[in-house]
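Just so you know, all these numbers are worked out from the coordinates, no wet-lab data involved. Predicted, not measured: the structure shown is a model, and the values here were computed from it. Cβ: placed from backbone, ideal geometry, glycine included. Neighbour counts: every protein chain shown.
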Amino acid sequence: MDQCVTVERELEKVLQKFSGYGQLCERSLEELIQYVAGLRREILQSESMCPPFLVVPRNGGLPLPPPNNNNNNNNNNNNHNRGSPPGVFCFSGRNSADQDGDLSGTISLVMTQCCKRIKDTVQKLASDHKDIHSSVSRVGKAIDKNFDSDISSVGIDGCWQADSQRILNEVMVEHFFRQGMLDVAEELCQESGLSIDQSQKQPFVELNRILEALKVRVLRPALEWAVSNREMLMAQNSSLEFKLHRLYFISLLMGGTANQREALQYAKNFQPFALNHQKDIQVLMGSLVYLRQGIENSPYVHLLDANQWADICDIFTRDACALLGLSVESPLSVSFSAGCVALPALINIKAVIEQRQCTGVWNQKDELPIEVDLGKKCWYHSIFACPILRQQTTDNNPPMKLVCGHIISRDALNKMFNGSKLKCPYCPMEQSPSDAKQIFF
């Protein structure tokens with residue numbers, strides 16, 4: 001996991017630079033647009049209205065209004081420039097361009113400064129963009145440094161026999177069905193020679209259709225499915241149907257007083273759930289009092305929480321999979337995630353085994369040389385590994401509890417007792433092997 005953290009750290013730096021660069025581009029370009037638009041506006045005004053003269057800062061800033069000058073003498077541009085404050089140019093609106101259309105020297109200088117400022121800004125943004133490219137390349141180098149691209153060393157020859165390959169293809173097809181990728185699943189069936197019954201595919205088609213409707217906040221397909229499977233949902237203590245009716249009732253409340261009669265009529269659907277959801281129903285009915293002023297302006301504003309739509313999708317997926325006898329998560333996704341967690345440890349132990357020339361340690365297909373902690377999210381049933389033989393217990397080799405309370409496997413028990421006595425490997429207590437009891441997790 002340290003390698004993942006290292007790569008994520010480099011990736012986070014790149015994302016931060018991208019974000020900062022985007023903000024800098026937006027701010028710089030906005031300033032340029034305002035500057036050029038202001039300069040253009042002042043020049044057009046000077047030509048149309050012919051003011052005595054226009055004041056432009058030497059540093060390329062926005063044009064300034066002409067200074068207050070009570071002298072009625074019409075001096076030329078050079079006189080104005082000589083008498084102007086340091087850091088500004090002054091040019092006359094009258095005769096600012098010759099009759100042949102050429103720009104005056106002052107305006108040409110102002111335009112030159114404007115172009116220079118634009119060029120400098122673009123060059124600065126281009127330079128910052130090159131820095132981002134170097135940061136992206138560092139991410140690639142971090143990946144190459146921290147991850148082994150060749151993972152074939154942890155594979156076991158002969159692991160995928162014909163029967164195992166068929167099971168893998170079936171798992172992949174089921175995964176594509178779960179994701180709604182029916183065309184991909186059918187193509188895989190054709191290429192692998194699998195024959196999938198239409199009855200296996202139909203439930204996934206229906207579930208994906210309902211989920212897509214829920215994601216766009218359309219409740220009708222899910223309600224029809226829940227009503228048709230009400231008895232089975234009740235048998236597993238599911239609250240799916242009530243929560244669907246609740247969401248539909250809330251959607252009517254959002255329509256205000258125009259939907260008051262329809263909401264009261266729809267409230268009859270809560271009757272079968274009154275025993276288990278009495279308080280929730282009371283809250284829903286109490287919210288009707290605030291229809292005139294709007295639910296969003298009432299103590300019942302929590303009913304409009306948008307997160308409940310994501311929750312209803314999760315509840316539907318969980319209950320529908322339980323109804324069909326399926327796991328909530330795809331077995332392929334779970335296996336892939338577990339493999340990503342276990343792979344670094346397996347690569348390391350494989351390198352150690354080869355370095356110490358003890359290749360016979362890992363030669364069985366159904367067990368790993370070390371225990372890999374996959375986290376609590378991958379705990380699906382209790383397991384026990386014998387601390388003596390370092391093997392996972394099975395039905396033929398169950399865990400046995402000694403009189404002292406320590407637990408070992410039956411095979412370890414049979415190997416350790418000498419005559420009629422057995423000494424516990426963890427404490428000095430001697431006991432009879434027949435006193436050991438099989439335990440069940």
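Some observations on this one:
- Calculated FRET efficiency for the pair Ser137/Val36, C-beta based, R₀ 60 Å, to 0.05: 0.95
- Difference of contour (0.36 nm per residue) and Cα-Cα distance, Ser164 to Asn208: 13.0 nm
- Neighbour net charge for Ser251 - beta-carbon separation under 12 angstrom, K R +1, D E -1: +2
- Length gained on full extension, Cys340 to Gln438: 31.8 nm, using 0.36 nm per residue less the C-alpha separation.
- Virtual paramagnetic centre 7 Å along Cα→Cβ of Tyr266, amide N under 18 Å, in the stretch 274-295: 274, 280-295
- Electrostatic bookkeeping for Gln431 treats Lys and Arg as +1 and Asp and Glu as -1; over the other residues with beta carbon under 12 Å from its beta carbon, the sum is +2.
- Of Lys145/Lys377; Lys141/Lys377; Lys243/Lys268, those spanning more than 20 Å from alpha-carbon to alpha-carbon: Lys145/Lys377; Lys141/Lys377
- Between Ile408 and Met400, Leu402, the built amide H atoms are under 5 Å apart, and every one of these is 5 or more places off in sequence or on another chain.
- When only Cα pairs below 8 angstrom with a gap of at least 6 residues are kept, the stretch 176-243 shows a relative contact order of 22 percent.
- Label reach from Phe417 (point 7 Å along Cα→C-beta): in the stretch 426-441, amide nitrogens under 17 Å belong to 426, 429-439.
- Pairs of alpha carbons in the stretch 282-416 whose separation is greater than 20 Å (percent): 70 percent
- Relative contact order for the stretch 254-342, counting Cα pairs under 8 Å that sit 6 or more residues apart, in percent: 23 percent
- Length released on extending from Val122 to Cys4, taking residue separation times 0.36 nm less the Cα-Cα span: 38.8 nm
- Taking a straight Cα-Cα cut-off under 29 Å and skipping sequence neighbours fewer than 8 places away in the same chain, the lysines within cross-link reach of Lys116 are Lys17, Lys124, Lys130.
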